[in-house]
Protein chains: 6
Amino acid sequence: MKLNRLKLIPRTGWLFCNVSPANAEDVAQHSFEVATITMFLTDELILEGKKIDSRRAISMAILHDWAEAEVADFPYTALKHLKSSGVKQHMERSALEELLHGMPGKEKKLALWKEYNDKKTCESRLVHAADYLSVLVQAIKYREQGVCSKELDELWKAVKRDLAPYVKEFKIVDKLVRELNTIFSA
Amino acid sequence: MKLNRLKLIPRTGWLFCNVSPANAEDVAQHSFEVATITMFLTDELILEGKKIDSRRAISMAILHDWAEAEVADFPYTALKHLKSSGVKQHMERSALEELLHGMPGKEKKLALWKEYNDKKTCESRLVHAADYLSVLVQAIKYREQGVCSKELDELWKAVKRDLAPYVKEFKIVDKLVRELNTIFSA
Amino acid sequence: MKLNRLKLIPRTGWLFCNVSPANAEDVAQHSFEVATITMFLTDELILEGKKIDSRRAISMAILHDWAEAEVADFPYTALKHLKSSGVKQHMERSALEELLHGMPGKEKKLALWKEYNDKKTCESRLVHAADYLSVLVQAIKYREQGVCSKELDELWKAVKRDLAPYVKEFKIVDKLVRELNTIFSA
Amino acid sequence: MKLNRLKLIPRTGWLFCNVSPANAEDVAQHSFEVATITMFLTDELILEGKKIDSRRAISMAILHDWAEAEVADFPYTALKHLKSSGVKQHMERSALEELLHGMPGKEKKLALWKEYNDKKTCESRLVHAADYLSVLVQAIKYREQGVCSKELDELWKAVKRDLAPYVKEFKIVDKLVRELNTIFSA
Amino acid sequence: MKLNRLKLIPRTGWLFCNVSPANAEDVAQHSFEVATITMFLTDELILEGKKIDSRRAISMAILHDWAEAEVADFPYTALKHLKSSGVKQHMERSALEELLHGMPGKEKKLALWKEYNDKKTCESRLVHAADYLSVLVQAIKYREQGVCSKELDELWKAVKRDLAPYVKEFKIVDKLVRELNTIFSA
Amino acid sequence: MKLNRLKLIPRTGWLFCNVSPANAEDVAQHSFEVATITMFLTDELILEGKKIDSRRAISMAILHDWAEAEVADFPYTALKHLKSSGVKQHMERSALEELLHGMPGKEKKLALWKEYNDKKTCESRLVHAADYLSVLVQAIKYREQGVCSKELDELWKAVKRDLAPYVKEFKIVDKLVRELNTIFSA
């Protein structure tokens, strides 16, 4: 089962922040955290009276990085060196199709992955927010381990920028980003 | 956020199989894999026409080991040295309550955790099956890395024994155990 | 030989301070340090004219955590989630008995372990002091590696509290705690 | 100095062979080995009376993977999921240009990198041979550490295939591949 | 406290057997195991009616490698490249003196270290036996992790050769070496 | 091929700065960086109109630590405990001769190693400068990972002292040391 490999794929963003491979978060750990955060976010939205399909949201969180079992974690810093912007997404879709070949629920899972990438549904945007929140949480953990490279500061700022639309859309995300920012800046 | 700690908690069963801490699977990785397997199992059962609530199943998979963020992974080999059998479960429930204190959806999550441990619903039993299947998959990975301790062989046998009721209940589990057994015995 | 496993069992206290498994001290390393500190403490007491049986003290230091080869390192933070306080000690005694089954000097070693846990003899209290001093030394090392989690600060305070009776009883322990505190607070 | 990062970038091929990140060779180690092998190959060719510019060959070996400090190690298995074949090379050239911006000898180094990728000179082909030989040597080391995944066997075969033209061109490469194959197959 | 460093000093013998630094035993772990084995050996000899000073034996086991906190673990394979045989011992004694400068019981500890190296007392020879037995135990553990380099086989043979005089002198050592040999050869 | 071992030999200087073996730079990584820096230094000198044989310089950088595949990295702190100063160099030469036995270009490589150690040519002095500059770069990386031991500060000062003659000889080295010093002191 190739998805087991995700336990061995380091998230390249941390390596570029000067975290050693022995300490770098891997894709399996990250996906677990995104799913965990998604569970809390959906429960909060439900408490606020929003209508949200938590099954779809949590499933998206689990599978959003599965393609990396075939193509590893393409670094953020490499994107600007690509000729066209669709290269990464096309590659990941092709990889995911191969990974899911002959597995139960293949089409449903590909549809969830597309929904995640299209960011058109509330659920998919919530998972994107969870994805970025997880990066902030992990950045704080590396700071607590002593990491103080300027790349870590830059990553923090970039992720906050990426979170901006979700901060606007979801009150709970706004609240969490403020709290995490206070801890990181301490 | 204390659940982040699960990325740092090694699964003690592997340490006792002579896997080094630097290579040992952690609880976050394991939980991701259990959720992933659960997604495939529920999709398969749905294809077979079974009625199953995949939201509850996947959520249980994500949270079934959360308590270990507070009490770490209590080793299988330690169970027989406890005076009474309820000690571990009582401790984990108490830890989970503390972890969820003040979080959204606390009661719902505690109820899911209880459902998982009671093994009375089809969903909870399916997640138990996924939990054990994940151990088999990981054991094969350690074998492929060269691990050949007799503890690994004993763990394999013990897990297959624990899987017996689920092999009977779910055809797909039976099929997967046979396939994995062929690979491990090769 | 199951005691070899202690080289693979991380000390959970450090994991909860955000130290990664690849960097976490293990039980074998810790036991070596406790024995080393015990050697210096007994020599100091002898120089001061105290009567102390260094053989018993050093032997206690070596074996005080042997049970963890069977039950791993039960986390400090898990203690409050146990129903009754004797659970951990009962479990460890049962595990130690199994580990020593058929080995030379079994009864003598169990008696030393009991002496250590009863804290009634000067030797056993000295080893407890060495045990805590070793935690302070290691905490300083993690601080020097950059670890600055609030859990590390809390652990430092808790260990100093646990050291209080030994600071009163042994002048050399008082002196060492002051020195280590100066370094940690720098 | 961004090239220092190459010490932290694992070679993804090994991760996909089930080698853990803590044990995976990184790009700096690999580049050192390619340069080392290149030194022996050029000395051998010179002894055989061939004309070869060892300075250019060794320099190419040192810099052939520098771009990965910006884009990490793009996995072999990801290539087939790309739309067009030039994507990887274009991305790496763009990254290398950025890395060398403002550094002494930029144009000379870019020319060496191009020479390496064009495989038109004897020197560049020799470095390609050294690159592949280094993978065989490292594969043997992983086998000696116990790794026995089928991915490792497949990688071995693929690398031998890639070595075919150099086996034909250089007698010494032919001899070394035979020797390494005997060791791996033992 | 410089002796804490022994937790970070890998035993070079394992590195040369192709064990990665992340998995290599360190000097603190090794010293703990030598002390543990020494405790069992002395208890066994006492049961056999021999007169043995276990305090001195265990203390020697704890301190026999302390000098490596200053000079690291000088590799076995480097010895033959030294001009004269006394170089290593002279260096270690000088380092140990510096480490113990101003510490309680300095002369006593230096005397124990000399006794260990002179191999004239029964206690010192028993610790040498324990030192080698610990290497055999650890070699078995690496074999169980998959290590199968020819260097590991050679190390096994060399250690058995070094154990020969102690096998003759101590019945229990003879018995243990036979048992370990059966496991390793399986 | 024994030189592959250099990937497993940690640089002891970092261990003594409290860097864990899982994070410690190894000799292969270091040699790659020295060769990389040497390439930039020679190109800069050539731009300045100096006559320098870059082939010899880069080759020296690659091979200057090869002997450590046989004798590991002899610690800086151990030097003062040796009887005579020639011990280390004699040992390394003997080891290198054994390693190169029967390899192509043996005499040429031994001559390069001697040239490096004699520090009489411009090329050899430039590689010494690159060797020390690489230590400064890596020290900054450890600082960015959080390491703040006083041993790291002492190492920084010692290396700057060792760099003094090269700072005088080469303008570019002077410039780089100033820049690195500003970063480290920030």
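Quick one: F:THR36 ticks every box in (1) modelled with pLDDT of 95 or more; (2) of a type in the set (Val, Ile, Thr); (3) within 30 Å of E:ARG93 (Cα to Cα) except a single one, so which number is it?
(3)
Confirm whether B:LEU3 is within 17 Å of the chain's Cα centre (by Cα), part of a helix (DSSP H, G or I) and under 30 Å from E:GLU25 (Cβ atoms).
On the way: within 17 Å of the chain's Cα centre (by Cα): yes; part of a helix (DSSP H, G or I): yes; under 30 Å from E:GLU25 (Cβ atoms): no.
Here the answer is no, as B:LEU3 does not meet what is asked.
Is at least one residue of region D:115-129 more than 12 Å from chain F (Cβ to nearest Cβ), of a type in the set (Ser, Thr, Tyr) and crowded, with 22+ Cβ neighbours inside 10 Å?
Within region D:115-129, one or more residues are more than 12 Å from chain F (Cβ to nearest Cβ), of a type in the set (Ser, Thr, Tyr) and crowded, with 22+ Cβ neighbours inside 10 Å.
Take the residues of region F:25-62 that are hydrophobic (A, V, I, L, M, F, W, C) and in contact with a Leu (Cβ under 6 Å, 6 or more places away or on another chain): which is nearest to E:GLU25 (Cα to Cα)? If you could, list the steps in order and put the result at the bottom.
Taking region F:25-62 first, the residues hydrophobic (A, V, I, L, M, F, W, C) are F:27-28, F:32, F:34-35, F:37, F:39-41, F:45-47, F:52, F:57-58, F:60-62.
Retained after the next criterion (residues that are in contact with a Leu (Cβ under 6 Å, 6 or more places away or on another chain)): F:27-28, F:37, F:41, F:52, F:57, F:60.
Numbers: F:VAL27: 19, F:ALA28: 21, F:ILE37: 33, F:LEU41: 39, F:ILE52: 45, F:ALA57: 37, F:MET60: 33 Å.
Restricting to residues being hydrophobic (A, V, I, L, M, F, W, C) and in contact with a Leu (Cβ under 6 Å, 6 or more places away or on another chain), the top hit is F:VAL27.
What pairs come out if I take residues in region A:1-22 that are among the basic types (Lys, Arg) and pair them with residues that are assigned to a loop (DSSP other than H, G, I, E, B) whose C-beta lies under 6 Å away, six or more apart or interchain?
Listed by first residue and then by second, the contacts come to A:ARG11/A:GLU25; A:ARG11/A:ASP73.
Kindly indicate whether C:ASP65 is buried (at least 20 other Cβ atoms within 10 Å of the Cβ) and modelled with pLDDT of 95 or more. First the steps, then the outcome.
Values: buried (at least 20 other Cβ atoms within 10 Å of the Cβ): yes; modelled with pLDDT of 95 or more: yes.
Yes; evaluated as a whole, the condition is true for this residue.
Yes or no, residue by residue, for (1) out of contact with any Gly (no Cβ under 8 Å at 6 or more places or on another chain); (2) open to solvent by 10 Å² or more (accessible area, probe 1.4 Å); (3) more than 9 Å from chain D (Cβ to nearest Cβ):
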{"site": "F:LEU6", "(1), (2), (3)": "yes, no, no"}
{"site": "F:ARG11", "(1), (2), (3)": "yes, yes, yes"}
{"site": "F:PRO21", "(1), (2), (3)": "yes, yes, yes"}
{"site": "F:GLN29", "(1), (2), (3)": "yes, yes, no"}
{"site": "F:VAL34", "(1), (2), (3)": "yes, no, yes"}
{"site": "F:PHE40", "(1), (2), (3)": "no, yes, no"}
{"site": "F:LYS50", "(1), (2), (3)": "yes, yes, yes"}
{"site": "F:ARG55", "(1), (2), (3)": "yes, yes, no"}
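Filter region E:95-109 down to residues that are buried (at least 18 other Cβ atoms within 10 Å of the Cβ) and at the interface with another protein chain (Cβ under 8 Å from one of its Cβ atoms) and give me whichever is nearest to E:ALA72 (Cα to Cα).
E:ALA95
Quick check on region A:23-31. Is at least one of its residues part of a loop (DSSP other than H, G, I, E, B), under 16 Å from the mean Cα position of the chain (by Cα) and not hydroxyl-bearing (Ser, Thr, Tyr)? Reasoning before the result, please.
Keep residues of region A:23-31 that are part of a loop (DSSP other than H, G, I, E, B), which gives A:23-25.
Those still in the list that are under 16 Å from the mean Cα position of the chain (by Cα) too: A:24-25.
After this cut, where a residue has to be not hydroxyl-bearing (Ser, Thr, Tyr) as well, the list is A:24-25.
Taking every residue of region A:23-31 in turn, at least one turns out to be part of a loop (DSSP other than H, G, I, E, B), under 16 Å from the mean Cα position of the chain (by Cα) and not hydroxyl-bearing (Ser, Thr, Tyr).
At pLDDT below 95 and open to solvent by less than 40 Å² (accessible area, probe 1.4 Å): which single residue out of D:LEU82, D:LEU152, D:LEU163, D:LEU112 fits that description?
Values: D:LEU152 fails: at pLDDT below 95; D:LEU163 fails: at pLDDT below 95; D:LEU112 fails: at pLDDT below 95.
Testing whether each residue is at pLDDT below 95 and open to solvent by less than 40 Å² (accessible area, probe 1.4 Å) leaves just D:LEU82.
Just for region D:57-76: of the residues that are within 14 Å of chain F (Cβ to nearest Cβ) and closer than 16 Å to A:HIS81 by Cα, which one is nearest to the chain's Cα centre (by Cα)? Quick ask: steps written out before the conclusion?
Taking region D:57-76 first, the residues within 14 Å of chain F (Cβ to nearest Cβ) are D:57-69.
From the residues that got through so far, the ones that are closer than 16 Å to A:HIS81 by Cα too are D:65-69.
On the way: D:ASP65: 8, D:TRP66: 11, D:ALA67: 13, D:GLU68: 12, D:ALA69: 15 Å.
Looking at residues that are within 14 Å of chain F (Cβ to nearest Cβ) and closer than 16 Å to A:HIS81 by Cα, I get D:ASP65.
Go through region A:77-89 and count every residue that is within 18 Å of D:HIS81 (Cα to Cα) and either within 18 Å of the chain's Cα centre (by Cα) or more than 9 Å from every other protein chain (Cβ to nearest Cβ) (or both).
Of the residues in that region, 5 qualify.
Restricting attention to region E:137-154, does a residue exist that is over 22 Å from E:ARG11 (Cβ atoms) and hydrophobic (A, V, I, L, M, F, W, C)?
Residues of region E:137-154 that are over 22 Å from E:ARG11 (Cβ atoms), as a first pass: none.
Within region E:137-154, not a single residue is over 22 Å from E:ARG11 (Cβ atoms) and hydrophobic (A, V, I, L, M, F, W, C).
So B:ILE172 passes all but one of these: (1) open to solvent by 50 Å² or more (accessible area, probe 1.4 Å); (2) closer than 28 Å to B:LYS50 by Cβ. Which condition number does it fail?
Looking at each condition in turn, B:ILE172 falls short on (1).
So which pairs qualify, if the first residue must be in region F:128-152 and among the hydrophobic types (A, V, I, L, M, F, W, C), the second must be assigned to a loop (DSSP other than H, G, I, E, B), the Cβ gap must be under 7 Å, and the two must be at least 6 apart or on different chains?
Final answer for the pair search is F:ALA129/F:PHE170; F:VAL137/D:MET1; F:VAL147/C:GLY146; F:VAL147/F:CYS17; F:VAL147/F:ASN18; F:VAL147/F:VAL19; F:CYS148/C:GLY146; F:LEU152/F:CYS17.
What do you reckon, is E:GLU98 more than 24 Å from E:LYS150 (Cβ to Cβ) and in contact (Cβ under 8 Å) with a residue 24 or more places away in the chain? Please lay out each step first, then the result.
Numbers: more than 24 Å from E:LYS150 (Cβ to Cβ): yes; in contact (Cβ under 8 Å) with a residue 24 or more places away in the chain: yes.
Against the criterion (more than 24 Å from E:LYS150 (Cβ to Cβ) and in contact (Cβ under 8 Å) with a residue 24 or more places away in the chain), E:GLU98 qualifies.
The values are calculated or read from the model by the stated rules, or taken from the named source; none is laboratory data. Predicted model only: the values in this text are computed from it and were never measured. FYI the Cβ positions are ideal-geometry reconstructions off the backbone, even for glycines, and counts take in every protein chain you see. For accessibility, only protein heavy atoms count, side chains too; no ligands or nucleic acids. Shrake-Rupley method; radii C 1.70, N 1.55, O 1.52, S 1.80 Å.
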